[in-house]
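Read the structure below first, then the notes.
Every read-out reported here was derived from the displayed coordinates using simple, explicitly stated rules and does not represent laboratory data. Nothing here was measured: the structure is a model prediction, and the numbers come from that model. FYI the Cβ positions are ideal-geometry reconstructions off the backbone, even for glycines, and counts take in every protein chain you see.
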Amino acid sequence: MVERYVREEFKELDRLVGLASVKGEISRLAQRLVNEKHYRALGVSVLPTRRHLVFSGPAGVAKSKVARIFGQICYRLGTLDKGHMVIVDHADLTAASFDEKVARMRAKCDAALDGILYIRNEAFLAAGILRSTGDLRLDAVDVMIEAMARHRGRIIVVLDARPNQLQCISFHSGLARRFTETIDFPAHDALELMRILAAKAEHLGLDLPDGLESDLIPWIAAHSRRHDWRNAYEIADLFSRALGARAARGARERCADLGGFRRSDFKHALNARQANGTIDAVASMNFDSGASQPSLP
């Protein structure tokens, strides 16, 4: 039933790589909103769904994209009048005086009315969530809670929290009462990250070389266990560096038509990351650009 109202939004959600459990949770929430819509149309009084959400998961798993899509779903279903998304970044709440931080959060809350207020993970602790209970100064988190109470029904707040930060919410009484629903975002596996890489290349009309999977999947497997692994962000950085390596290769070869990528482009990209301290490259990889192996489906 829900797809009848938000068909395009669910198509966009389905285009995201992986995240099957997340898509199921968003579908369930949307169905609850549709049910509310029908009951109200029949004049039946219903208890509104708690809409503030915690998105828990590592970096680079499309949490902000899902939040934006959810805002559009809420708009289509009449839950929000606009459905736009306003993001609070770390920079919004740091390098500022205490009063300025509060003023910035208030401005963000006002801008998010009738839409989504998305608190990025980097801003999570900067908002004052772990402030001492003896500190009675108004902080950014207090401004956010005040806006949630005063504009009930006009703003949905989504907190991006790492799994090890969920306890911070439960310890904060003002947040614990309002954030009772958490959607867990799993990390991408190696095949999903390769699909993300392939989509980036396809978007630019470029082909990935045969055999690249045998080079990159061991690299992903070796480093995805790191606590600071950033999933799709790592792939985006690698892709950008490979584009630079491809352009440099064209300049060296004085070739106007570079064609698709070569495996050596990604070897240079990984070496550049290693040189910049981004991540350790796997030195033992075989980057024989002449080898041909089946591509991922």
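If R0 equals 22 Å, the separation of the Cβ atoms of Ala149 and Glu122 corresponds to a calculated FRET efficiency of about 0.30.
Of the GluC sites (Glu not before Pro) found in the range 163-232, those that fall in a DSSP loop while having at most 13 other beta-carbon atoms within 10 Å are Glu181. Would you mind getting me the FRET efficiency between His38 and Asn276? Use the beta-carbon distance for r and R0 = 45 Å, nearest 0.05. With R0 = 45 Å, the Cβ-Cβ based efficiency is 0.25. Average projection, convex hull of the Cα set of the range 2-184: 10.5 square nanometres.
Cβ-Cβ distance of Arg249 and Arg177, R₀ of 51 Å, FRET efficiency by 1/(1 + (r/R0)^6): the value works out to about 0.35. Pairs of Cα atoms nearer than 8 Å and 6+ residues apart set the relative contact order; for the range 212-278 it is 33 percent. Spacing of the modelled spin labels on Ser21 and Glu202, each 7 Å from Cα toward Cβ, amounts to 2.6 nm.
Inter-part distance, the range 246-261 to the range 141-220, computed on C-alpha centroids, equals 36 Å. When its C-alpha radius of gyration is set against 2.2 N^0.38 Å (N residues), the range 1-81 gives a value of 1.13.
Using θ = phi - 60° in the Karplus curve 6.51 cos²θ - 1.76 cosθ + 1.60, the 3J(HN,Hα) couplings for the range 187-195 round to 5, 6, 7, 4, 5, 5, 5, 5, 5 Hz; x is entered for Gly and Pro. Subtracting the Cα-Cα distance of His223 and Gln167 from 0.36 nm times their residue separation leaves 17.5 nm of extension gain. Straight-line cross-link partners of Lys108 among the lysines, defined as a Cα under 22 Å from its Cα and at least 8 positions apart when in the same chain: Lys63, Lys65, Lys82.
Which percent of Cα-Cα pairs in the range 190-275 sits in each 10 Å bin, short to long? In order of increasing distance, the bins hold 17, 54, 24, 5, 0 percent.
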